[in-house]
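Undergrad: Below is a structure I'd like to ask you about.
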C-alpha cells in the first residue's frame with residue numbers, strides 16, 4: 001500500500017459512512033423499526049419501499065433543509081410510518097439519532113487528526129442540511145469542502161459530483177482517496193474518475209475498492225504509517 005503515501009485529500013461519504021460506520025441508512029432505520037416492534041423481520045421489501053418514498057418526499061418538498069439530525073430523522077420516520085399505515089413511535093427516530101450521534105462524536109478525533117495531514121471533504125447524497133448537521137456536531141471546521149447533492153443538483157453515482165470535488169481540490173484524482181459504504185454509488189464512480197477508493201463495510205466483500213475497512217479508525221494506520 002505504499003502508493004497511498006501520495007494521497008493529499010480524503011473525501012468521505014456521510015450517510016452510512018461517517019454516521020454509522022458502514023451500515024447503510026436504510027438498514028439503520030429498519031433495525032430501529034425492528035427494535036421497537038413496528039415491523040417484522042420479513043417486512044424488509046415493504047420497508048425499503050417506504051424508506052425510498054420518505055427519502056424522495058422530504059427532498060421534493062424541501063422538508064428538512066433547515067433541520068438538525070433529530071428533526072431530519074423524525075420527518076423521515078413520519079413518512080415511513082405514513083406509508084406503512086402504522087401508528088408513530090417517536091422512540092424510533094430518537095434511537096436512530098442516538099446511534100448516529102455516537103458515531104459522529106467518536107469520529108471527531110479521527111477527523112481532527114486527518115485534517116492535520118490531508119485535505120478532507122465530503123460528497124454526499126443529502127437533503128440540503130448537511131452543513132447544518134456538521135456544525136451541530138462541531139465537525140464543519142475539519143472539512144475543506146462539502147458537496148450536498150441537494151444543492152449540487154446531481155446525485156451519486158453521477159460522475160459530475162465527483163469531478164466537482166476534483167475541480168475544488170485542484171489535484172490529480174489519483175491523489176484523492178474516496179471513502180464510502182456503497183459500491184455502486186461510491187466506489188464505482190470514484191474509480192471511474194481516477195480516485196483511489198476505500199469501502200467501509202460490516203463484512204469484507206472482496207469488492208473492486210482499492211481496500212476495505214471495517215472501521216474508519218483503520219484509516220489512521222493505513223494513511224499515516
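Undergrad: Provide a single number: the residues in segment 126-159 that are touching a residue at least 12 places away in the same chain (Cβ under 8 Å), on the phi < 0 side of the Ramachandran plot and part of a loop (DSSP other than H, G, I, E, B).
TA: Within segment 126-159, residues that are touching a residue at least 12 places away in the same chain (Cβ under 8 Å), on the phi < 0 side of the Ramachandran plot and part of a loop (DSSP other than H, G, I, E, B) number 11.
Undergrad: Return yes when residue 113 is more than 18 Å from the chain's Cα centre (by Cα), in a helix (DSSP H, G or I), in contact (Cβ under 8 Å) with a residue 60 or more places away in the chain and surrounded by fewer than 19 Cβ atoms within 10 Å (Cβ to Cβ) and no when it is not.
TA: So residue 113 fits the description; yes.
Undergrad: Looking at 64, 96, 123 in this structure, which one is outside the structural domain of residue 165 (by TED's automatic domain parsing), on the phi < 0 side of the Ramachandran plot, touching a helix residue (DSSP H, G or I) at 6+ places or on another chain (Cβ under 6 Å) and not in a helix (DSSP H, G or I)?
TA: 64
Undergrad: Further, regarding this structure: Checking the condition farther than 30 Å from residue 61 by Cα and surrounded by fewer than 16 Cβ atoms within 10 Å (Cβ to Cβ), which residue from 175, 108 passes?
TA: 108
Undergrad: Taking segment 67-92 as the region of interest, how many residues are in contact with a helix residue (DSSP H, G or I) (Cβ under 7 Å, 6 or more places away or on another chain) and on the phi > 0 side of the Ramachandran plot?
TA: The total comes to 0.
Undergrad: Still on this structure, please answer the following. When you scan segment 203-216, do you find a residue that is modelled with pLDDT under 95 and on the phi > 0 side of the Ramachandran plot, even just one?
TA: Yes, there is a match, as at least one residue in segment 203-216 is modelled with pLDDT under 95 and on the phi > 0 side of the Ramachandran plot.
Undergrad: Let me ask something else about it. May I ask you to say which residue of 194, 153, 180 is farther than 12 Å from residue 12 by Cα and touching a helix residue (DSSP H, G or I) at 6+ places or on another chain (Cβ under 6 Å)?
TA: 194
The values are calculated or read from the model by the stated rules, or taken from the named source; none is laboratory data. Predicted model, so just to flag it, every value in this text is computed and none were measured. Cβ sites come from the backbone with ideal geometry, for glycine too, and all protein chains shown count toward neighbours.
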